[in-house]
1. Placing unit charges on C-beta atoms (Lys and Arg positive, Asp and Glu negative, everything else neutral), compute the dipole magnitude of the range B:52-186 about its Cα centre in debye, rounded to 20.
2. With respect to the cross-link table entries B:LYS296/B:LYS448; B:LYS56/B:LYS187; A:LYS35/B:LYS56; A:LYS35/B:LYS296; B:LYS56/B:LYS448, which display a Cα-Cα separation exceeding 32 Å?
3. Can you tell me the orientation of helix B:119-132 relative to chain B, as the angle in degrees between its alpha-carbon axis and the longest Cα principal axis, to the nearest 10?
4. Taking 7 Å along the Cα-to-C-beta vector as the label spot, tell me the B:ARG217-B:TRP383 distance in nanometres, rounded to one decimal.
5. Using all C-alpha to C-alpha distances in the range B:326-451, build P(r) with 10 Å bins and read off the rounded percent in each one.
6. Please give me, ordered by residue number, the trypsin sites (Lys or Arg not before Pro) of the range B:181-246 that lie in loop per DSSP and have at most 16 other Cβ atoms within 10 Å.
7. Considering only DSSP beta bridges whose two residues both sit in chain B, what percent are antiparallel, to the nearest 5?
8. Which three semi-axes in whole Å describe the equivalent ellipsoid of the range B:384-449, each the square root of 5 times a Cα gyration tensor eigenvalue, listed largest first?
Amino acid sequence: MSAQPTTPQVDNDSMEDRLYTVKYSDPGDSHLDVKVPDVCTQCDTYDCVRVCPANVWRESEDGVPHIAYENCLECSSCRYACSHDNVVWTYPETGAGVTYKHG
Amino acid sequence: MTPELDGDAVADPNYDDEFDAIVVGAGLAGSAAALTMANRGLEVLLIERGSSPGAKNVFGGVCYTPTIRELTDFDGAPLERYVAERRFSMLSRNDETAVSISPGEWHEAPHNDSYTVLRGEFDEWFAEQAVEAGTTLVTSTTVTGLVRKNGRIVGVETDRPDGTIRAPYVVLAEGGNSLVSEGADLKATETRENVAVGVKEVLEFPGRDEVIEDRFRLTDDAGVSYHYFGEGAVGDAFGGGFIYTNDDTVSIGVAYRIEDAVAADQSPEATLNAFKSHPAVAPLVRDARTVEYSAKTIPEGGAESIPDLVHDGAAIVGDAAGLVLNNGVHLEGTNMAVESGYHAGNAIARAADQGRVGAKALQAYPDALERSFVVQNLERYAWMMDAVEADRDLLFEDLPRAFADAGTEYFRMDRTPKEAHAENAKRAVLDAVGGWTGAAKLALRYRKVVT
Ligand SMILES: Cc1cc2nc3c(=O)[nH]c(=O)nc-3n(C[C@H](O)[C@H](O)[C@H](O)COP(=O)(O)OP(=O)(O)OC[C@H]3O[C@@H](n4cnc5c(N)ncnc54)[C@H](O)[C@@H]3O)c2cc1C
Ligand code: SF4
Ligand code: SF4
């Protein structure tokens, strides 16, 4: 008998693999944006980046976050997270975006 | 069979002025409203942005069904398992202290009206019930705004060509991310203190028959609902983790306030990974394959955040109206969504009978909701979120640790008499709560949870 039972290893998928589990149709245009880019260059919290569960928002060199909109799970968290109310959030048009099989 | 109409059909100008009521969103609240109105003879148009109802929807979860069961032929509902055990678990970094409840009664139909479901299937089925009652459903169509005439709401704009559709009543059942209601100034945007981010995975266990039955000690259609609190569940954040068993998959996830996600720099993905790796959780989910990763927000503002529910020509229902009870012990939004849709549908049907459209004519809806469990429960627990927030370090970090220490001491096996162990155990808990006075104050503060 081993003295110290070990916690079994749980292998988590990479973000890429996780997002790969969700059906996605590209609306062609980003449904997300920032209202005033200068607000982002002044922003030092990047709350949009911190909260996003799908790695859509990414810090970039010019200070305005890069938006990989095709990763978006449409959870809406970034919309609430930005304390400068600087997120433009619309729905991808005509049913495009994510389609969950299970939900 | 799916009840989908060809999405393009909405471009058909005939839809304009063809309906008595338009429902925005075919979630639980929307389909309940549509079904109720259709049953009462109204011509209803139900508009959903997803390619089918449920395609955009995510929850834990357990669907609470006392009202749905009355409204539908429930035998055909796509249920996963009934909840036979509820378990509440405090996790410190390495310990677990849990309470499990599994009354015999829950094994008997209707199983305390608590069933795990997957929304993709369930919402589609529920919308189908509305369609069978006469509702017209259009999918892949997003409502982008409301149409007003002399201040009154008289229809919706959609993202389809010629997408303006007018009708005397509009039911806003668009969920928590209520862009239409907010855009039309019917409600304010929630602050990030009052919204939680939820992330979830659906797991399957390839090549392992009966693994769910074995790990969760289940037979037949019985299932579990496990809730986890404390730093082992969601780190420094205010929220919790959950595990629910489906027929042949397991739903696992975490949900916590957006305010904490940003303040503690705790990404949802990392928080979920840490929860899954906790020593008390990992054995339940090891060797699984992720079949779906998803995310969604939960409005948690409670009773104080409920907006005006009726306007001239419109009513707001479900998550769009902030009708979710999430106090740590209860996480209930499904039942409130259906109940609110039902009462709004009834109020509109009555107003339509009388040919009236003003907000006053719809007042029967907020009145009925006020008397129902929805508002009663939200008001009953309004104090709790504030109290828990004030005590969060104690409740989520100190107490889980103290209970784990107390348990360790109480059951310690050595050559000292048990009396000394019991004394140590008692001290571990008393130290955490601030002595007997602290314990008494705490008991007083939270007595309403049980009484
Ligand atoms: C992570 C998580 C776990 C949860 N767990 C539980 C649980 O275990 N038990 C429980 O009872 N509750 C739970 N809830 C809460 C519950 O899911 C919600 O309260 C419930 O789904 C609300 O139903 P609804 O119909 O109001 O909104 P939704 O289910 O969000 O439905 C809104 C619908 O409207 C559509 N829509 C939105 N905007 C538009 C538009 N502009 N045009 C057209 N269509 C639109 C959407 O696509 C969607 O179909 C959980 C929530 C989350 C996020
Ligand atoms: S969107 Fe908001 S949080 Fe993100 S960088 Fe810009 S201002 Fe900051
Ligand atoms: S909606 Fe959710 S997934 Fe999409 S960008 Fe915002 S936070 Fe990320």
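1. Charge dipole, the range B:52-186, about its Cα centre: 560 debye, nearest 20.
2. From the list (B:LYS296/B:LYS448; B:LYS56/B:LYS187; A:LYS35/B:LYS56; A:LYS35/B:LYS296; B:LYS56/B:LYS448), the Cα-Cα distance tops 32 Å for B:LYS56/B:LYS448.
3. Helix B:119-132 sits at roughly 30 degrees to that axis.
4. Spacing of the two 7 Å Cα→Cβ label points: 3.6 nm.
5. 11, 26, 21, 16, 12, 8, 4, 1, 0
6. Those satisfying the criteria are B:ARG208, B:ARG217.
7. Numbers: 52 of 74 bridges.
For chain B, the DSSP antiparallel bridge percentage is about 70.
8. On the way: eigenvalues 143, 28, 14 Å².
Semi-axes, largest first: 27, 12, 8 Å.
The values are calculated or read from the model by the stated rules, or taken from the named source; none is laboratory data. Only a predicted model underlies this, so the values are computations on that prediction, with no experimental measurement involved. Quick reminder, even Gly has a Cβ in these numbers, built from the backbone with ideal geometry, and neighbours come from all protein chains shown. The accessibility values were calculated without ligands, DNA or RNA, using every heavy atom of the protein model including side chains. Shrake-Rupley method; radii C 1.70, N 1.55, O 1.52, S 1.80 Å.
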